[in-house]
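What follows is a set of notes on a single structure, which appears directly below.
The values are calculated or read from the model by the stated rules, or taken from the named source; none is laboratory data. Quick caveat, the model's predicted, so the values are computed rather than measured. Here the Cβ is made from the backbone with ideal geometry for all residues, glycine too, and neighbour counts use every protein chain on show. For accessibility, only protein heavy atoms count, side chains too; no ligands or nucleic acids. Shrake-Rupley method; radii C 1.70, N 1.55, O 1.52, S 1.80 Å.
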Amino acid sequence: MPDFEGVEITDSSHLAGVPDEFQRLWTPHRMVYIQNGTQPHEEQCPFCIAPSMSDEDALIVARGTHAYVLLNLFPYNSGHLLVCPYRHVSLYDQATPEETDEIATLTQTAMRVVRQVSKSDGFNIGMNQGRIAGAGIADHLHQHIVPRWATDANFFPIIAKTKALPQLLGEVRASIAAAWPLAHTE
């Protein structure tokens, strides 16, 4: 047995990386946004371009009057949706009452549809306002709706630095888009 007399021992429960009561969603693929620091110009904004494309090509699942819903191209989980106003506006407090109302309504409908289609146990919902807050596309307002399941974490992200997504984006888009009208009648 080694002799530790005279050796300073640190309580490891206070060290970085030690499990605690917080749940963390590690997203190393976002470092490209953080390190690069570039944002698309308005004419290249993917959220401005998407509505001019077919729903399948743009991964749009529903269109409203002032906002629309599409799948995140780089999802944290299967069914990770974004709700965007059509208008190129960067901050929530710059959105019109009509835009905020429709963003809220589309968010609620998205939750119902995703819960119906994928049996999710919960959701992370939020907006990153500005580059400093982590917005990948800071100049165009968008709300994230990330479905969560009690079993959505496993060893893959930790050991293999890989996020396992069980469905292709096209399949997820098709199932959510097909179920979308059903949510309006609930």
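What the table shows:
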| read-out | value |
| --- | --- |
| Where a residue in region 127-138 is under 15 Å from residue 85 (Cα atoms) and in a loop (DSSP other than H, G, I, E, B) and its partner, wherever it lies, is open to solvent by 20 Å² or more (accessible area, probe 1.4 Å) and of a type in the set (S, T, N, Q), with Cβ under 6 Å and at least six apart | 127/143; 138/39 |
| Residue match in region 112-131 (condition: under 25 Å from residue 43 (Cα atoms), open to solvent by 50 Å² or more (accessible area, probe 1.4 Å) and at pLDDT below 85) | yes |
| Some residue of region 82-103 being among the aliphatic types (A, V, I, L, M), crowded, with 19+ Cβ neighbours inside 10 Å, modelled with pLDDT of 85 or more and more than 15 Å from residue 59 (Cβ to Cβ) | yes |
| Residues located in region 53-81, provided they are part of a loop (DSSP other than H, G, I, E, B), among the aromatic types (Phe, Trp, Tyr) and open to solvent by less than 10 Å² (accessible area, probe 1.4 Å) | none |
